[in-house]
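**Student:** Okay, handing you the structure first.
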Amino acid sequence: MVEFTLWDILRNLLFAARWTVLLSLIAFVGGSLVGLLLLIARLSTHQLLGRAVAAYVQLFQGTPLLMQLFLAYFGMAMLGAQTSVWTAATLALTLYSSAFLTEIWHGCVLSISRGQWEAGQALALGFIEQLRHIILPQAGRIAVAPTVGFLVQVVKGTALTSVIGFVELTKAGTMITNATFKPFVVYSSVALLYFLICYPISAYARSLERKLDAR
Amino acid sequence: MAVELDFAAVLSQWPLLLLGVAWTVGLTAISASLGVLLGIVCAWVASQGPRWLRPLVASYVELIRNTPFIVQLFFIFFGLPAAGVRLSPEWASVIAMVINLGAYSAEIVRAGIQATPKGHIEAAASLALSRMQSFIFVVLPPSLQRVWPALVSQIIIVMLGSAVCGQISTPELSFAGNLIQSRNFRAFESYIVITVLYLALSMGARLLLNRLGARVFPGAHRG
């Protein structure tokens, strides 16, 4: 029988960890773009649009990410699309991230006083101009810390894609366990790698928060 | 291509769905109570407990908050037996959920404790309350009241996260979905029904817990 050393296990996990990182980045960037559009829709004077975005947020925050992944996976298959776990995983995680990010940013925008909008109006700026030149620069400063903090949640969320068969860190852990019969060592290493990815981001988010508080 | 949805095939399995809902609610209720309790103990240690325990609690909180729940669950269910601790899927799920919620609620409760006005603690001391009495009767209740909305959100996050427990064959709601779709091959419909049930559960839980908060902490501005 082949003996697996700790280094063999770690090496293979590290290899898979890059997919965790890549998927996280794609979902985070995609979620930011969609989230920004949703934010604009929610802030617009269009009542129905705002309510639709609120419902969208509630839908994604009120259901398990695992179910969202399943629905993306089986839903796309049903519509006859070529389903790959890659597309299902990116689609679900992007939508999931967009819902959370738009909610976070909406809170930040709400914390900017009404007078700022009115000042923009008084200067005859349009809605998008007010947003672009007056509101978002101020709200953005408050938003950075919770946004970075949310990135941790995205990284952890990618672990669920292992269930639909996406080979990232967690799935690699399961596969290596099946080959080595060393679940204790393997899952400890998996956890350690997630920690090494997430902890610096958490710590950075916290330092940003402190800096903002100090101001 | 025409897509036909057949929800009747899923809804006819309502006893399974009901059982799944019962398990999810049960798991959440148990782990919410124990998890918040664990969080309070950890928050106590972090704010005024024995100094030597603090780094331990801090590492626990950071370790849990920076790793995915599914990995924690797999470690407990698949990893621990190698160390001689064999758990049923149900127990592994409860333990994982308690440990997970404990870490998050420790942070939340600690934030509430930090916002305690100094005067309250001094008042308690001048009434000759011991440090423990002061913590339990003076510091803790308003702290919990302050952070109750955040605790409610976290409990709901843990409930939604428990969908993963079906992967180790705990018979909760998402497991029911897996079972149903393996019987009738209606995967999409099954998961739609399950997702809608989760949505209803999370909305119901929020309503219930907010009510509970308003009752337990009278005078709370908004639960």
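**Student:** Can you pull out every residue in segment A:60-119 that is more than 13 Å from every other protein chain (Cβ to nearest Cβ) and of a type in the set (Ser, Thr, Tyr)?
**Tutor:** The answer is A:Ser84, A:Thr87, A:Thr90, A:Thr94, A:Ser97, A:Ser98, A:Thr102, A:Ser111, A:Ser113.
**Student:** Hey, another quick one. Give the residue, chosen from B:Val216, B:Val196, that is at pLDDT below 95 and surrounded by fewer than 22 Cβ atoms within 10 Å (Cβ to Cβ). Before the answer, list the steps.
**Tutor:** Working: B:Val196 fails: at pLDDT below 95.
When all the criteria are applied, what remains is B:Val216.
**Student:** Quick one: which residue in B:Arg65, B:Arg51 is basic (Lys, Arg) and under 16 Å from the mean Cα position of the chain (by Cα)? Write out each step before concluding.
**Tutor:** Values: B:Arg51 fails: under 16 Å from the mean Cα position of the chain (by Cα).
When all the criteria are applied, what remains is B:Arg65.
**Student:** Identify, please: which residue in segment B:42-61 is among the small types (Gly, Ala, Ser) and within 14 Å of chain A (Cβ to nearest Cβ) and is, among those, most open to solvent (accessible area, probe 1.4 Å)?
**Tutor:** B:Ser59
**Student:** It is to be established whether one or more residues within segment A:59-66 are more than 16 Å from the chain's Cα centre (by Cα) and not acidic (Asp, Glu).
**Tutor:** no
**Student:** I've got another one for you. Which ones in segment B:9-33 are under 15 Å from B:Ala96 (Cβ atoms) and open to solvent by 70 Å² or more (accessible area, probe 1.4 Å)?
**Tutor:** Within segment B:9-33, B:Trp23, B:Ile30 qualify.
**Student:** Just give me the residues in segment A:53-85 being free of Cβ contacts under 8 Å to residues at least 24 places away in the same chain, surrounded by 14 or more Cβ atoms within 10 Å (Cβ to Cβ) and farther than 15 Å from B:Val193 by Cα, in sequence order.
**Tutor:** Let us first name the residues in segment A:53-85 that are free of Cβ contacts under 8 Å to residues at least 24 places away in the same chain, namely A:54-55, A:58, A:62-64, A:67, A:71-72, A:74-84.
Narrowing the set further to residues that are surrounded by 14 or more Cβ atoms within 10 Å (Cβ to Cβ) leaves A:54, A:58, A:62-64, A:67, A:71-72, A:74-78, A:83.
If the condition is that a residue be free of Cβ contacts under 8 Å to residues at least 24 places away in the same chain, surrounded by 14 or more Cβ atoms within 10 Å (Cβ to Cβ) and farther than 15 Å from B:Val193 by Cα, then A:Ala54, A:Gln58, A:Met76, A:Ala77, A:Met78, A:Thr83 are the ones that fit.
**Student:** Quick one: which residue in A:Glu118, A:Glu103 is within 22 Å of the chain's Cα centre (by Cα) and of a type in the set (Asp, Glu)?
**Tutor:** A:Glu103
**Student:** Do any helices (runs of 4 or more DSSP H) lying entirely in segment A:1-99 carry at least 1 residues that are of a type in the set (Lys, Arg), and which ones are they?
**Tutor:** So the answer is A:6-43, A:47-61.
**Student:** Give, as residue ranges, the helices (runs of 4 or more DSSP H) completely inside segment B:62-142 that count at least 3 residues that are open to solvent by 10 Å² or more (accessible area, probe 1.4 Å) and touching a Cys at 6+ places or on another chain (Cβ under 9 Å).
**Tutor:** Details: elements: B:69-74, B:89-114, B:118-126.
Result: B:89-114.
**Student:** Then there's this: What pairs can you find where one residue is in segment B:67-92 and more than 10 Å from chain A (Cβ to nearest Cβ), the other is of a type outside the set (A, V, I, L, M), and their Cβ atoms are less than 6 Å apart, with a gap of 6+ or different chains?
**Tutor:** B:Pro89/B:Ser169; B:Pro89/B:Thr170; B:Glu90/B:Thr170; B:Ala92/B:Phe77
**Student:** Is there a residue being surrounded by fewer than 19 Cβ atoms within 10 Å (Cβ to Cβ), in contact with a helix residue (DSSP H, G or I) (Cβ under 7 Å, 6 or more places away or on another chain), within 21 Å of A:Ala139 (Cβ to Cβ) and touching a residue at least 12 places away in the same chain (Cβ under 8 Å) anywhere in segment A:92-100? Break it down stepwise before answering.
**Tutor:** Taking segment A:92-100 and keeping what is surrounded by fewer than 19 Cβ atoms within 10 Å (Cβ to Cβ), we get none.
So far as segment A:92-100 goes, no, none of its residues is surrounded by fewer than 19 Cβ atoms within 10 Å (Cβ to Cβ), in contact with a helix residue (DSSP H, G or I) (Cβ under 7 Å, 6 or more places away or on another chain), within 21 Å of A:Ala139 (Cβ to Cβ) and touching a residue at least 12 places away in the same chain (Cβ under 8 Å).
**Student:** Could you grab me the full set of residues in segment B:159-175 that are of a type in the set (Val, Ile, Thr) and in a helix (DSSP H, G or I)?
**Tutor:** If the condition is that a residue be of a type in the set (Val, Ile, Thr) and in a helix (DSSP H, G or I), then B:Val164, B:Ile168 are the ones that fit.
**Student:** Let me ask you something else. Could you tell me whether segment A:4-11 includes any residue that is among the β-branched types (Val, Ile, Thr) and either open to solvent by 50 Å² or more (accessible area, probe 1.4 Å) or without any contact (Cβ under 8 Å) to a residue 40 or more places away in the chain (or both)?
**Tutor:** Going residue by residue through segment A:4-11, those that are among the β-branched types (Val, Ile, Thr) are A:5, A:9.
Remaining after also requiring either open to solvent by 50 Å² or more (accessible area, probe 1.4 Å) or without any contact (Cβ under 8 Å) to a residue 40 or more places away in the chain (or both): A:5.
Yes.
**Student:** On to the next question. Select from segment B:33-55 the residues that are out of contact with any Phe, Trp or Tyr (no Cβ under 8 Å at 6 or more places or on another chain), assigned to a helix (DSSP H, G or I) and more than 14 Å from B:Ala103 (Cβ to Cβ) and list them in ascending order.
**Tutor:** B:Ser33, B:Ser47, B:Arg51, B:Trp52, B:Leu53, B:Arg54, B:Pro55 - these are the residues of segment B:33-55 that are out of contact with any Phe, Trp or Tyr (no Cβ under 8 Å at 6 or more places or on another chain), assigned to a helix (DSSP H, G or I) and more than 14 Å from B:Ala103 (Cβ to Cβ).
**Student:** Read through the list (1) at pLDDT below 95; (2) closer than 30 Å to B:Ser59 by Cα; (3) part of a helix (DSSP H, G or I), then give the number of the only condition that B:Asn178 fails.
**Tutor:** Single failed check for B:Asn178: (2).
**Student:** Taking segment B:179-191, which residues are surrounded by fewer than 20 Cβ atoms within 10 Å (Cβ to Cβ) and within 11 Å of chain A (Cβ to nearest Cβ)?
**Tutor:** First, pick out the residues of segment B:179-191 that are surrounded by fewer than 20 Cβ atoms within 10 Å (Cβ to Cβ): B:179, B:182-185.
Listed by number, the list holds a single entry, B:Phe185.
**Student:** On to the next question. For A:Trp117, which of the numbered conditions (1) surrounded by fewer than 15 Cβ atoms within 10 Å (Cβ to Cβ); (2) free of Cβ contacts under 8 Å to residues at least 60 places away in the same chain fails to hold?
**Tutor:** All conditions pass for A:Trp117, except number (1).
**Student:** From the list B:Leu209, B:Leu201, which residue is within 13 Å of another protein chain (Cβ to nearest Cβ) and within 23 Å of B:Ser33 (Cα to Cα)?
**Tutor:** B:Leu201
The values are calculated or read from the model by the stated rules, or taken from the named source; none is laboratory data. Quantities reported herein were computed from a predicted structural model and do not represent experimental measurements. Here the Cβ is made from the backbone with ideal geometry for all residues, glycine too, and neighbour counts use every protein chain on show. Each accessible area value is taken on the protein alone, full model and side chains, heavy atoms only, with ligands, DNA and RNA left out. Shrake-Rupley method; radii C 1.70, N 1.55, O 1.52, S 1.80 Å.
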